1. Do we find that Glu220 is among the charged types (D, E, K, R), in contact with a strand residue (DSSP E or B) (Cβ under 8 Å, 6 or more places away or on another chain), loosely packed, with under 14 Cβ neighbours inside 10 Å and without any contact (Cβ under 8 Å) to a residue 60 or more places away in the chain in this structure?
2. When the residues of the stretch 272-311 are narrowed to those that are in contact (Cβ under 8 Å) with a residue 60 or more places away in the chain and assigned to a loop (DSSP other than H, G, I, E, B), which ends up farthest from Ile178 (Cα to Cα)?
3. Checking Lys139 against (1) touching an Asp or Glu at 6+ places or on another chain (Cβ under 6 Å); (2) basic (Lys, Arg); (3) within 14 Å of the ligand (Cβ to nearest atom), only one condition comes out false. Which one?
4. Would you confirm whether any residue within the stretch 191-198 is at negative phi, near the ligand (Cβ under 10 Å from one of its atoms), in contact (Cβ under 8 Å) with a residue 40 or more places away in the chain and within 15 Å of the chain's Cα centre (by Cα)?
5. Which members of the stretch 302-315 meet the condition of being modelled with pLDDT of 95 or more and of a type in the set (A, V, I, L, M, F, W, C)?
6. Do you know which of the residues in the stretch 226-265 that are at negative phi and small (Gly, Ala, Ser) is modelled with the lowest pLDDT?
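The values are calculated or read from the model by the stated rules, or taken from the named source; none is laboratory data. Nothing here was measured: the structure is a model prediction, and the numbers come from that model. For neighbour counting, all protein chains shown are included, and Cβ atoms are generated from backbone atoms with ideal geometry for every residue, glycine included.
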Amino acid sequence: MEDKILKIFSRHRDAYVSGEDISKELGVSRASIWKHIETLRDLGYEIEASPHLGYKLIARPDRLIPEELKDNLKTRFLGKKILAYESLDSTNDTAYYLAENGEKEGTVVIAEQQKKGKGRQGRHWASPKGGIYLSCIVKPDIEPKEVAKITLVSAVAVCASIREIANVPAMIKWPNDIIIKKKKVCGILTEMKAEQDRVDFVIVGIGVNVDMPIKLLPKEAISLIKESDNRLSKVDLAKKILENLEHYLILFKEDGFDKIRDEWRHLSTTLGQNVRIYCHDKKIEGQALDVDEDGALVVRLESGFHRRVLSGDVVIAH
Ligand code: BT5
């Protein structure tokens, strides 16, 4: 019902709508409309009420709630169902559990903060209020060994979204970091469930530092608000991420990885650099040359040999 009332407000931007008109359109009593208006106010909507004119929406909250995220969201499948929480242990864990229990492709789990946000290999992801923490259930028709590409496809989508909304020169550090001025503003964690040769589902988990006190983040992190001149809306950024992620997933499905790889190359801060890559117990040093058709980083070793690396932590040597 709240959704329906918001839709009516959207049709009457900046104008009053009478309680009677709303109650007639929705087929419920005026007293019930008043109750739903109160619920919307509790959610952070500023709604003016005038005895003669009715209700007018003055301001919307920048909160990651379905009513806001779905408003004019231009996607076909991603975010058609959004499960939003004020606080969760980890949106990836919740999305994984749901997907294992048959949840459809496109469902999004989102939280305003996480208590046990996860990075790769059991690392911690600092997730205070002021960030975006979201996980998408996707079901690409790929083999398990191709999943690294989904991380790169997602990185292009998120990097493009940050650039668009915040107007900052965000770059991708292979494989899963978005950075600004060498500091990490976003991390991506892709987890999958697979049979021998087919992926059941992939959870694409995205954490973006938007507007939080820097002291709540590790020293290698940066918060987007510090770098952007724009007034930043978490809702706008989260919507843009969903729209771009869907766009690139469809492109990947229909046209393959090549075009996206070109875009990745343009956004990459890793290529051409001398790098040290920590991969399990091994350290690989050399020059990052390219990303190959599997999403692996191709490194020229000092010996001149080329080596493909599918995952790891990159330190850019100077
Ligand atoms: C990542 O791991 O970068 C993946 C982070 C994914 C987080 C999202 S939030 C929504 C979804 N739900 C989850 O539970 N997770 C996903 P990795 O490359 O392993 O980097 C982890 C390292 O980044 C940590 O060891 C810290 O050094 C650093 N770090 C931790 N919190 C950070 C933050 N908020 N901003 C920037 N860097 C951070």
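1. Answer is yes for this residue.
2. Among them, the one singled out is Asp294.
3. (3)
4. yes
5. Phe305
6. Result: Ser228.
Conditions tested, residue by residue: (1) touching a Lys or Arg at 6+ places or on another chain (Cβ under 7 Å); (2) assigned to a loop (DSSP other than H, G, I, E, B); (3) in contact (Cβ under 8 Å) with a residue 24 or more places away in the chain.
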position	(1), (2), (3)
Ala49	no, no, no
Tyr55	no, no, yes
Arg63	no, yes, yes
Asp71	no, yes, yes
Thr75	no, yes, yes
Leu83	no, no, yes
Ser87	yes, no, yes
Thr94	no, no, yes
